[in-house]
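Colleague: One structure, pasted below without further comment.
The values are calculated or read from the model by the stated rules, or taken from the named source; none is laboratory data. None of the values given here were measured: they were computed from a predicted structure. Virtual Cβ from ideal backbone geometry, glycine too; neighbours counted across all protein chains shown. Accessible surface areas use protein heavy atoms only, side chains included; no ligands, DNA or RNA. Shrake-Rupley method; radii C 1.70, N 1.55, O 1.52, S 1.80 Å.
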Amino acid sequence: MSDAPKTAGRSGPSIVSSAHLADGALPALSEFEFGLNMLTHAYGRWMVRCMAAAGVPDLSALDVLILHHVVHRDRPKTIADLCLVLDVEDTHLVTYAAKKLQSLGLVTAGRRGKEKTLAASETGRAACARYREVREALLANAVAATGIAPEKLSEIAALMRTLSGHYDQAARAAASL
């Protein structure tokens, strides 16, 4: 008999990274966390390699996320805006990435009152457009070919955002222990 945890309604064992975490009230949560870990790392690798294929090598995943968000809606963003939307607690990480993107000519600096802002440069917008082309060619078509309905992907995204709130609340609670 296998000691591997099982998920209700499934014949085989769950795929988890830590069986001791799956041996609790909600074993499927451990399975979700393992999948999320795999997805997080794969997504990070994808962003870095896609941007390199688009002609901008040597960016981190956070650099790529920040560039895309600065390009988003073509409005200047403050460091605080970027930290809030991207859910980054360490402001210095975003500040460092902003300086890197600025030094590469992908964003330009400005001011909104006392706050520094970042706006996309033509070079930054062009890099994001090339990223989109690579993404469409290599990823979007492959995901579409799986047959997963776009509505289902939207449902999964909404569920992930909801779960992120539970993890944030649990993190605050854990910090007070």
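Colleague: Is it fair to say Lys100 is in contact (Cβ under 8 Å) with a residue 12 or more places away in the chain and farther than 19 Å from Met47 by Cα? Walk me through it before giving the result.
Modeller: Numbers: in contact (Cβ under 8 Å) with a residue 12 or more places away in the chain: yes; farther than 19 Å from Met47 by Cα: no.
When the stated conditions are applied, Lys100 does not pass them.
Colleague: Regarding the stretch 138-149, can at least one residue be identified that is among the polar types (S, T, N, Q), more than 19 Å from the chain's Cα centre (by Cα) and part of a helix (DSSP H, G or I)?
Modeller: First, pick out the residues of the stretch 138-149 that are among the polar types (S, T, N, Q): 141, 146.
Subset that is more than 19 Å from the chain's Cα centre (by Cα): 141, 146.
Right, trim to part of a helix (DSSP H, G or I) and you get 141.
Yes, the stretch 138-149 contains a residue that is among the polar types (S, T, N, Q), more than 19 Å from the chain's Cα centre (by Cα) and part of a helix (DSSP H, G or I).
Okay, residues lined up against (1) at pLDDT below 85; (2) out of contact with any Leu (no Cβ under 9 Å at 6 or more places or on another chain); (3) open to solvent by 100 Å² or more (accessible area, probe 1.4 Å); (4) under 23 Å from Leu101 (Cβ atoms):
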position	(1), (2), (3), (4)
Lys6	yes, yes, yes, no
Leu29	no, no, no, no
Ala53	no, no, no, yes
Leu62	no, no, no, yes
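Colleague: Within the stretch 140-155, can you find the residues that are open to solvent by 60 Å² or more (accessible area, probe 1.4 Å) and either among the hydroxyl-bearing types (Ser, Thr, Tyr) or closer than 20 Å to Met47 by Cα (or both)?
Modeller: Within the stretch 140-155, Asn141, Ala144, Thr146, Leu153, Ser154 meet the criteria.
Colleague: Just to check your reading of the model, which residue among Arg172, Arg130, Arg161, Arg125 is of a type in the set (D, E, K, R) and under 15 Å from Met47 (Cα atoms)?
Modeller: After ruling out the rest, the residue left standing is Arg130.
Colleague: Turning to a different aspect of this structure: Counting only residues that are under 20 Å from Ala127 (Cβ atoms) and of a type in the set (Val, Ile, Thr), which one in the stretch 70-81 is least open to solvent (accessible area, probe 1.4 Å)?
Modeller: Val70
Colleague: Write out, first by first residue and then by second, each pair whose Cβ atoms fall under 9 Å of each other, whose residues are 6+ apart or on separate chains, and whose first residue, in the stretch 71-90, is touching a residue at least 60 places away in the same chain (Cβ under 8 Å) while the second is of a type outside the set (S, T, N, Q) and open to solvent by 50 Å² or more (accessible area, probe 1.4 Å).
Modeller: Final answer for the pair search is Asp87/Asp168.
Colleague: If I ask for residues that are more than 28 Å from Glu115 (Cα to Cα) and among the aliphatic types (A, V, I, L, M), which ones from the stretch 43-77 would you list?
Modeller: Matches in the stretch 43-77: Met47, Val48, Met51, Ala52, Ala53, Ala54.
Colleague: Return yes when Asp90 is under 25 Å from Arg161 (Cα atoms) and not hydroxyl-bearing (Ser, Thr, Tyr) and no when it is not.
Modeller: Judged against the criteria, Asp90 is a match.
Colleague: Something else: Look through the stretch 82-137, keep the residues that are among the polar types (S, T, N, Q) and assigned to a helix (DSSP H, G or I), and return whichever of them is most open to solvent (accessible area, probe 1.4 Å).
Modeller: Taking the stretch 82-137 first, the residues among the polar types (S, T, N, Q) are 91, 95, 102-103, 108, 117, 121, 123.
Then keep just the ones that are assigned to a helix (DSSP H, G or I); that gives 91, 95, 102-103, 123.
Numbers: Thr91: 70, Thr95: 45, Gln102: 70, Ser103: 97, Thr123: 75 Å².
The selected residue is Ser103.
Colleague: Let me ask something else. Pull up the stretch 163-177, narrow it to residues that are within 18 Å of the chain's Cα centre (by Cα) and open to solvent by less than 80 Å² (accessible area, probe 1.4 Å), then point me to the one that is nearest to Leu29 (Cα to Cα).
Modeller: Initial filter on the stretch 163-177 (within 18 Å of the chain's Cα centre (by Cα)): 163-168.
In the following step, the residues that additionally are open to solvent by less than 80 Å² (accessible area, probe 1.4 Å) were identified as 163-165, 168.
On the way: Leu163: 10, Ser164: 13, Gly165: 15, Asp168: 15 Å.
Within the stretch 163-177, the match that is nearest to Leu29 (Cα to Cα) is Leu163.
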